[in-house]
Amino acid sequence: MAQDYTFISGPITVKRVLEEHHQQQFMRSGYRFRIINTWRSALPRITDLPLGVCDFRSLNPDDVVESDRVRPDKTGEIFHVYFNPEHKWHYLDNMTDREPLVFVSYDSMAGNHARCELFPIFFQAFRISELNHFAALPLSILS
């Protein structure tokens, strides 16, 4: 399970995509910005391999580790999460290509008021056909 942005890489990404005059406006102290992910299936309906999201309230800080993300043109940082049977997962059963999933990947003012006390949303695709193998995982099916 991974998260694309850490407390370091989130601001770096925002600076990279904003023009300089917008950086001066949006990167000032006290200004809040978020990075939002939108995920949608390329298939008409997902019957296996949905995108699961982990309830941040079920994460323990010891489960999370920063990792290098190395690309040919740059090096960055992402979060990875160690398995913990206490994690609570959610996914849309039989999700269609008309049901996008929208979630916060980075919030410059993370905290209880942001509905994201320590970490943003972690996500991972998984095989529904293998759920019996992970029967101990507390999963919710939202539809």
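Read-outs: derived from the displayed coordinates by stated rules, not from any lab. Please read these numbers as outputs of a predicted model, since none were measured by experiment. Please note: Cβ atoms are built from the backbone with ideal geometry, for glycine as well, and neighbour counts cover all protein chains shown.
Figures for the structure shown
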quantity: Residues in the stretch 74-90 that a label on Ile8 would reach, taking backbone N under 14 Å of a point 7 Å out along Cα→Cβ; calculated: 75-80
quantity: Top positive-direction residue, dipole computed over the stretch 1-110 with Cβ charges, set Ile8, Phe79, Thr47; calculated: Ile8
quantity: Sequence of Thr47, Thr6 once ranked by neighbouring C-beta atoms within 10 Å, starting from the fewest; calculated: Thr47, Thr6
quantity: Distance between modelled label sites at Ser58 and Gln124, nm, 7 Å Cα→Cβ extension; calculated: 1.1
quantity: FRET efficiency for Arg34 and Glu77, using Cβ-Cβ distance with R0 set to 22 Å, rounded to 0.05; calculated: 0.75
quantity: Extension reserve of the Met109-Val17 stretch, reckoned as 0.36 nm per residue once the Cα distance is removed; calculated: 31.2 nm
quantity: Tyr31, Tyr5 arranged by Cβ crowding within 10 Å, fewest neighbours leading; calculated: Tyr31, Tyr5
